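Asks: Submitted below is the structure of interest, expressed as structure tokens.
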Amino acid sequence: MYRIITLFFLLLTVSASAQDILGGAAISSGSLLTASNAISVTIGGAFVVNGTFPASQYERLDQFVTRMFNQYREQSIRAITDPRIVETMTQRMENFSRRNIVLKRMNGEKFTLDLEKFRLTGDFKQNPYLKNEDVIIFSKLDLERDFVSVDGAVNNPVKFAFMEGDRLSDALLFAQGISKAYENVTKAEIVRSSYDGQKLETTVVDINSNLPLQRADRIRVLADETSKKDFRVLVLGEVNKPGYIPISKDNTTVKNVIEQAGGFKPTASLYKTELVRGTDSYTMYKKNMLTKSFEQNKFSNEGLEGVLYDNQQMEGLRMERMSYLVEEDTAYFKIDNQLRLLRGNALVDFTKLYTDTTQANFSVKDGDVILVPQQQNLVYIYGQVGFPGYVQFQPGRDARYYIEQAGGLGELARDYDEISVIKAKTRRWMTVGENNVTIEPGDYIWVPKKTPRTFSFYLGRVSAISSVVGTIATIVLLLVQLGK
């Protein structure tokens, strides 16, 4: 029994030692790293980790590099719980060159390998099996000076590390070829800078010329721009088929978009429906927020009010920062600036969509958002009434009815003819004493307050008037005397 226990502990010790030798990798029947095939490989240069590590003679270069990177990454972020920090650290660690990799062998052989090209072509010449005592040296990634860039009519505009011997075909390979969205692509433009960066040399070459490239070449594959794009408008709210509506580049009307969206629901508030276009920072921000919210399946018009208000305040501060407004002008400017932001969305009057051809034929643009809020069959009463707030809209009722529903006039309320109705759509102010004042859903009724006047107020007014009269009398006497 003693011998069995001793043998058991000896096996545990050998197993633990093997794990240490192989960098902590578990030994199992499915593991590449077993005592019989383990080799030693050294990593140097601009990689995330340098040193000598265990590998398998059945591992290729790419497999070994990927394994070492993942082990280092897992160890580095193991104790970090903030996903933003994890993402940032991972991006920094991935910033190493997979080209210009030098592989040195114990027998003196030396290879320059390109794992980027292997991953795109599957050419195993660029990804050999490892041997014992191999040394892998990574070159520094310098995409500021040691690069080639490709854009234009390609599938993947890219900036990649330059490698001696690169040709135009290599650049097109890394850009994943010519985009089939473009027609008649035959030319490429190569721009080269002088050493001091002061001069540019531009050469237009045939796309099949396979010209040798130089460090810092900038390549643009030339093609006439295609207009076969995903032009669309986002329609949100009270329509029967909300979502993205495909449009043509220039000739789709707002009426056509609403019809493709299934038309308005009976609950749609046409007075408050708006077409949001990025005409300024506020409307651009609102459009982006609406689009992002819809694409994340959490659209809520009410939920956007807070962030939109903050953005509107920021826009106001930017406008006022370098102004030379006097104190009396500031309040009026703020009102006019708020109206400017609101008018930025007033591109279409949706209440006239089916009666006014000018409104119906308004052309929408790619990225526009049409927001159709739900009707609020309410009228808001505030000011000198008993219970300020919303009152249910009743067709045909006048302002007096809604005031009574809000508790009637307060003791300090002004006369009935001085009460104002503020229209929902236009924000036009009208007094209830005017003819043809019809209360509509969303309107506001404001009951102003009488200003209390004390004896001191009237005494001050009399004193001011007396002072003015005295001054005028003095001037008149002086003029009379001078006339004599």
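Asks: Tell me, yes or no, whether the stretch 141-151 has at least one residue that is among the aromatic types (Phe, Trp, Tyr), touching a residue at least 12 places away in the same chain (Cβ under 8 Å) and open to solvent by 70 Å² or more (accessible area, probe 1.4 Å). Reasoning before the result, please.
Replies: Step one: filter the stretch 141-151 for residues among the aromatic types (Phe, Trp, Tyr), giving 147.
Filter once more, keeping what is touching a residue at least 12 places away in the same chain (Cβ under 8 Å): 147.
Then drop every residue that is not open to solvent by 70 Å² or more (accessible area, probe 1.4 Å), which leaves none.
No - not one qualifying residue is present in the stretch 141-151.
Asks: Let me spell it out: the conditions are (1) at pLDDT below 85; (2) assigned to a helix (DSSP H, G or I), and Asn297 meets all of them except one. Which number is the exception?
Replies: Tallying (1) at pLDDT below 85; (2) assigned to a helix (DSSP H, G or I), Asn297 fails exactly one: (2).
Asks: For Phe53, work out the one condition from (1) assigned to a loop (DSSP other than H, G, I, E, B); (2) over 33 Å from the mean Cα position of the chain (by Cα) it doesn't fulfil.
Replies: Answer for Phe53: the failing condition is (1).
Asks: Let me ask something else. Among the residues of the stretch 406-417 satisfying the criterion of being more than 15 Å from Tyr380 (Cβ to Cβ) and open to solvent by 40 Å² or more (accessible area, probe 1.4 Å), which is modelled with the highest pLDDT? Steps first, answer last, please.
Replies: If we filter the stretch 406-417 for residues that are more than 15 Å from Tyr380 (Cβ to Cβ), which is where we start, we get 408-417.
Those left that are additionally open to solvent by 40 Å² or more (accessible area, probe 1.4 Å): 409, 411-412, 414-417.
Details: Leu409: 91, Glu411: 86, Leu412: 85, Arg414: 85, Asp415: 84, Tyr416: 82, Asp417: 82.
Looking at residues that are more than 15 Å from Tyr380 (Cβ to Cβ) and open to solvent by 40 Å² or more (accessible area, probe 1.4 Å), I get Leu409.
Asks: Moving on to the next point. Test of understanding: among Gly243, Gly177, which residue is under 25 Å from the mean Cα position of the chain (by Cα) and not aliphatic (A, V, I, L, M)? Before the answer, list the steps.
Replies: Working: Gly177 fails: under 25 Å from the mean Cα position of the chain (by Cα).
Result of the check over Gly243, Gly177: Gly243.
Asks: To continue, here is another question. Met93 is checked against (1) modelled with pLDDT under 95; (2) open to solvent by 30 Å² or more (accessible area, probe 1.4 Å); (3) of a type in the set (A, V, I, L, M, F, W, C) and fails just one. What number does that condition carry?
Replies: (2)
Asks: Looking only at the stretch 418-440, how many residues end up being closer than 16 Å to Gly396 by Cβ, at pLDDT 85 or above and in a loop (DSSP other than H, G, I, E, B)?
Replies: Qualifying residue count, the stretch 418-440: 3.
Asks: Still on this structure: Give me the pairs, please: first residue somewhere in the stretch 230-245 and more than 19 Å from Met289 (Cβ to Cβ), second residue anywhere and exposed (fewer than 14 other Cβ atoms within 10 Å of the Cβ) and of a type in the set (Lys, Arg), beta-carbon distance under 6 Å, and either six or more positions apart or on two chains.
Replies: Once the first residue is more than 19 Å from Met289 (Cβ to Cβ) and sits in the stretch 230-245, its partners that are exposed (fewer than 14 other Cβ atoms within 10 Å of the Cβ) and of a type in the set (Lys, Arg) give Phe231/Lys249.
Residues checked against (1) more than 30 Å from Lys265 (Cα to Cα); (2) surrounded by fewer than 15 Cβ atoms within 10 Å (Cβ to Cβ):
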site	(1), (2)
Met163	yes, no
Thr202	yes, yes
Ile207	yes, no
Asn210	yes, yes
Asp217	yes, no
Leu234	no, no
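Asks: Mind listing just one residue for me: the one in the stretch 96-108 that is open to solvent by 80 Å² or more (accessible area, probe 1.4 Å) and either of a type outside the set (S, T, N, Q) or at pLDDT below 90 (or both) and, of those, farthest from Lys125 (Cα to Cα)?
Replies: We begin by selecting, within the stretch 96-108, every residue open to solvent by 80 Å² or more (accessible area, probe 1.4 Å); these are 104, 106-107.
Narrowing further to those that are either of a type outside the set (S, T, N, Q) or at pLDDT below 90 (or both): 104, 106.
Numbers: Lys104: 15, Met106: 19 Å.
It comes out as Met106.
Asks: Continuing with this model, one more query. Do we find a residue being touching a Gly at 6+ places or on another chain (Cβ under 7 Å), outside any loop (DSSP other than H, G, I, E, B) and closer than 24 Å to Val65 by Cβ anywhere in the stretch 125-135? Can you show your working first?
Replies: Taking the stretch 125-135 and keeping what is touching a Gly at 6+ places or on another chain (Cβ under 7 Å), we get 135.
Filter again for outside any loop (DSSP other than H, G, I, E, B), leaving 135.
Then keep just the ones that are closer than 24 Å to Val65 by Cβ; that gives 135.
Yes, that holds for at least one residue.
Asks: Shifting gears a bit: Of all the residues that make up the stretch 125-160, how many are over 31 Å from the mean Cα position of the chain (by Cα) and at positive phi?
Replies: 1
Asks: Would you call Phe138 of a type in the set (Phe, Trp, Tyr), surrounded by 11 or more Cβ atoms within 10 Å (Cβ to Cβ) and touching a Leu at 6+ places or on another chain (Cβ under 9 Å)?
Replies: Answer is no for this residue.
Asks: Pull up the stretch 56-90, narrow it to residues that are surrounded by 13 or more Cβ atoms within 10 Å (Cβ to Cβ) and of a type in the set (Asp, Glu), then point me to the one that is farthest from the chain's Cα centre (by Cα).
Replies: Top of the filtered list is Glu59.
Asks: Right, something else. Mind counting the residues in the stretch 190-222 that are on the phi > 0 side of the Ramachandran plot and in contact (Cβ under 8 Å) with a residue 24 or more places away in the chain? Show your work before the answer.
Replies: Keep residues of the stretch 190-222 that are on the phi > 0 side of the Ramachandran plot, which gives 197, 210, 216.
Checking which are in contact (Cβ under 8 Å) with a residue 24 or more places away in the chain leaves us with 210, 216.
Number satisfying all stated conditions: 2.
Asks: Can you spot a residue in the stretch 30-43 that is within 42 Å of the chain's Cα centre (by Cα) and modelled with pLDDT of 90 or more?
Replies: Step one: list which residues in the stretch 30-43 are within 42 Å of the chain's Cα centre (by Cα), which gives 43.
Cutting the leftovers down to modelled with pLDDT of 90 or more gives us 43.
Checking the stretch 30-43: at least one residue is within 42 Å of the chain's Cα centre (by Cα) and modelled with pLDDT of 90 or more.
Asks: Moving on to the next point. In the stretch 57-78, which residues are closer than 22 Å to Ser36 by Cα and in contact (Cβ under 8 Å) with a residue 40 or more places away in the chain? Break it down into steps so the answer makes sense when it comes.
Replies: Residues of the stretch 57-78 closer than 22 Å to Ser36 by Cα: 57-65, 67-68.
Selection gives Gln57, Tyr58, Glu59, Arg60, Leu61, Asp62, Phe64, Val65.
Asks: Take the stretch 93-107 and flag every residue that is among the aliphatic types (A, V, I, L, M) and not in a strand (DSSP E or B). Give the derivation first.
Replies: Initial filter on the stretch 93-107 (among the aliphatic types (A, V, I, L, M)): 93, 101-103, 106.
Those that are among the aliphatic types (A, V, I, L, M) and not in a strand (DSSP E or B): Met93, Met106.
The values are calculated or read from the model by the stated rules, or taken from the named source; none is laboratory data. Computed from a predicted structure; not experimentally measured. We place every Cβ from the backbone using ideal geometry, glycine too, and count neighbours over all the protein chains shown. Side chains included, ligands, DNA and RNA excluded: accessible areas come from the protein's heavy atoms. Shrake-Rupley method; radii C 1.70, N 1.55, O 1.52, S 1.80 Å.
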